[in-house]
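Read-outs: derived from the displayed coordinates by stated rules, not from any lab. All values reported here derive from a predicted model rather than from experimental measurement. Cβ sites come from the backbone with ideal geometry, for glycine too, and all protein chains shown count toward neighbours.
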Amino acid sequence: MKHVDEYRNKALIEKLAALIKRAASRSYIFMEVCGGHTAAIHRFGIPSLLPDNVRLLSGPGCPVCVTNNSFIDKAIAYSKMEDVIITTFGDLIRIPGSSSSLEKEKARGADIRIVFSGLEALEIAKSGSDKKVIFLGIGFETTAPGTAVTIKEAADVGIENFYVLSAHKVMPPAMETIIKEGIALDGFICPGHVAAITGSSAFSFIADKYRLGCVITGFEPVDILQAIYMLINQVNNDSPSAEIQYSRAVTRQGNVIAQRLIYEVFILSDEQWRGLGVIPASGLTLRKEYGRYDAESSIPLPPSVNVYEEHALCICGEILRGLKIPPDCRLFAGTCVPQNPVGACMVSNEGACNTYYKYRRNE
Amino acid sequence: MKAHVIHIINTDGMSEHVSMSHGSGGTMTGKLIRDIFVKRFGMPEPLTDSAILNESGFMLAFTTDSYVVDPIIFPGGNIGKLAVCGTVNDLAVSGAIPKYVSASFIIEEGFPVEDLIMIADSMSDEARKAEVKIVAGDTKVVEKGKCDKIFITTTGIGIMRSELEHISSAKKVKPGDMLIINGPIGNHSIAVLGARKMLGFNSPVESDCASLNHLIRKVMDECSEIHFMRDLTRGGLATVVNELAQIISSGIVINESSVPVEEPVKGLCEIFGFDPLYLANEGKVLFVAGDEEYKKVLELMRSTPLGKYSEVIGEVVENNRNVVVLNTSIGGQRLLDMPSGMQLPRIC
């Protein structure tokens, strides 16, 4: 498969693994903050190619994992309203809220439909239904432009029954929160798709202010191994900078059109992250001009929905902060399994617990 | 406001309602079947594709399957052809020679008779090719909206060769045995998705839907060291090798780069984030052959029209008991697990 096989070339991978082994003169911990990276690292078995002194840690990069229980509870509360259709990306459907999940509500009869994009949700609203169509907008800088386009389209065409429940977030403030927690990290494998939108410059502060390595990388094994090698060199040479490995998609300034779109429709707001608490200016809320499309301000929910619960033994939060790894959890692989998940990290294909369960449970 | 509580977790893990994940063919389907049906019907483990019945010296294989594929026509087949192939294959992989099939139809009011004729014609064609007779059936019509177009259930009976009784329970599988499949995987799922217009463009991929009994018979007639067979339907290759790993007392290693996948399927999997190892097939079978005989098995398979692209994809190993390890295409190693959530609904 052209444009993929080159990046999965076994000979090249062996060479990179040897280079990493040679360069790794001390121990290193690098955190990946993109669920796509977590999934690729484990799917290809990359940890088995690294020497023991190079460790990878999963951070808060899986969009559904960092989505807090209160968001799921709100979506469920909306799904129980007679005149509402919930439209959502498929990976959100099995995330447990305080006491139920969208999947369970769907089985009980709620009108919940899986879509591949916001525009597909808008089509449902356009198709003449009298019902209110609520799109669950989640994800980072990568998916926010798609939601922004959808909202603008709804406004342009004058669609009255379309709403967005937004939990969109931006990534750099979460990375800063992790650094401030004081976890022993040597650098970040920075998210390739987020950086395609934001540009590498969005991550420069990590190198400049906190002296930590940063390499923005793609999602193929060669990309990831090369990024690890570059990070080791940044550490060894004490020369942290926001380097781009993924030059086929990422530039310094990023996709300016997409950035403009995001901030035309959204405004930065304080946002609740699972495990990380409220992070200032890390969420995307609809601007006043588009307020009528904001589900929360247009369709009131009962105040009781704001009380949410989390499982007392689930350590998703600590895992998302890089403080613990999945096998540290008492529930892991016993009570909490993909088919009966307790925490969000066990549900998503990009979640640390799910990937660990699927690919490394035997270790 | 946040409150910490310990949720009461239902010890048997059953949910209150059946969800789409229960129909995925993976762990949740298995749990539903075991917790509800097996427990009450008293079926013996391991659960196999067909029941093997021993009645007054006659050994029969008996199986049934329902087909709800959406859409009912897809590149390479339709619901009728699928309903015959699927049941023929379930009998054949149990070591039986498929003989008789019954067919029951649940039809939605308003369904075009023309389409019903087309479906019946392809069932008749496929039965002729597979050398089975469709001998009984039932027809029900329900009000519009009470079923989606047409659902078909087929039941099959085959003559069992007593010396092959061990096949479906994998009793003879041992370390050193080799795993062979009869060609590229994933085509059926991708063909159905393409026909659902879910890919957003026309895909060239055709379903592999086919009756495998002639290929299987050829191998079984000439080889004596076939230790296990299973068709790679819902849940795909990954599910079948995991089910096998759970009923034997050794482990399994699969070499990702040996598993044949056609280029268009590979490409579409990349785009949609599917793993071909989990995609459904309707004309693929896994053979586990003794190490002295596997080359002969491979050769025989390759000499048949449905086995031209057969490959050895892995082996049974002493260590890693009950576990499947995947040597990844880039030289790494990881677990190959059962699918756990919803795969692609209504694929068969």
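Listed values, structure above:
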{"item": "Average Cα contact separation per residue, chain A, under 8 Å, 6 or more apart, as relative contact order %", "result": "22 percent"}
{"item": "Given B:Lys149/B:Lys197; A:Lys10/A:Lys324; A:Lys152/B:Lys197, the pairs whose alpha carbons are separated by over 21 Å", "result": "A:Lys10/A:Lys324; A:Lys152/B:Lys197"}
{"item": "Charge context of A:Val337, other residues only, Cβ under 11 angstrom, K/R +1, D/E -1", "result": "+2"}
{"item": "Least to most buried among B:Ser169, A:Ser247 (fewest other Cβ within 10 Å first)", "result": "A:Ser247, B:Ser169"}
{"item": "Two-decimal Rg to Rh for the protein assembly as shown - Kirkwood Rh, Cα set", "result": "0.98"}
{"item": "Total charge dipole magnitude, the range A:316-360, about the Cα centre, Cβ charges on Lys, Arg, Asp, Glu only, Debye to nearest 20", "result": "80 debye"}
{"item": "Vicinal HN-Hα couplings computed from phi for the range B:27-43 (Karplus, 6.51 cos²θ - 1.76 cosθ + 1.60; Hz; Gly/Pro x)", "result": "4, 5, 4, x, 5, 4, 4, 5, 5, 9, 8, 4, 4, 8, 8, x, 7"}
{"item": "Descending semi-axes in whole angstrom, ellipsoid equivalent of the range A:177-227, from the Cα gyration tensor", "result": "20, 14, 9"}
{"item": "Percentage, to the nearest whole number, of Cα pairs in the range B:115-270 over 19 Å apart", "result": "68 percent"}
{"item": "log₁₀ of I(q)/I(0) at q = 0.15, 0.18, 0.26, 0.30 Å⁻¹ - the range B:278-324, Debye sum with one point per alpha carbon", "result": "-0.50, -0.69, -1.06, -1.17"}
{"item": "Cα-based reach from B:Lys31 at 19 Å (exclusive), listing aspartates and glutamates while leaving out same-chain residues under 8 positions away", "result": "A:Glu103, B:Asp12, B:Glu16, B:Glu45, B:Asp49, B:Asp65, B:Glu243, B:Asp337"}
{"item": "Most mobile of B:Lys140, B:Lys81, B:Lys266 in a GNM of chain B (Cα contacts under 10 Å)", "result": "B:Lys140"}
{"item": "Hits among lysines - C-alpha to C-alpha of A:Lys209 under 19 Å, sequence gap 8 or more where chains match", "result": "A:Lys180"}
{"item": "The range A:316-360: relative contact order in percent, alpha carbon pairs under 8 Å with at least 6 residues between", "result": "29 percent"}
{"item": "Binned Cα-Cα distances of the range A:316-360, short to long, each 10 Å bin given as a whole percent", "result": "34, 62, 4"}
{"item": "Shape call, the range A:208-250: gyration tensor on alpha carbons, a/c limit 1.5", "result": "oblate"}
{"item": "Where the Cα pairs of chain B fall when distances are cut into 10 Å bins, in %", "result": "5, 24, 34, 25, 9, 2, 0, 0"}
{"item": "Over the range A:1-122: Kirkwood hydrodynamic radius from C-alpha pairwise inverse distances, Å", "result": "17.7 Å"}
{"item": "Residue-averaged 222 nm ellipticity for chain B, from DSSP H runs of 4+ at -39500 (n - 2.57), nearest 500", "result": "-7500 deg cm²/dmol"}
{"item": "Fewest-first ranking of B:Arg128, B:Arg302, using other Cβ atoms within 10 Å as the exposure measure", "result": "B:Arg128, B:Arg302"}
{"item": "Eligible lysines near A:Lys74 by straight Cα distance, threshold 22 Å, same-chain separation 8 or greater", "result": "A:Lys104, A:Lys106, A:Lys131, A:Lys132, A:Lys169, A:Lys288, B:Lys2"}
{"item": "Gyration tensor (alpha-carbon) shape descriptor, chain A, a/c threshold 1.5", "result": "prolate"}
{"item": "Spatial extent of the range B:41-111: Rg and Dmax, with the Cα atoms as the point set, Å", "result": "14.8, 48"}
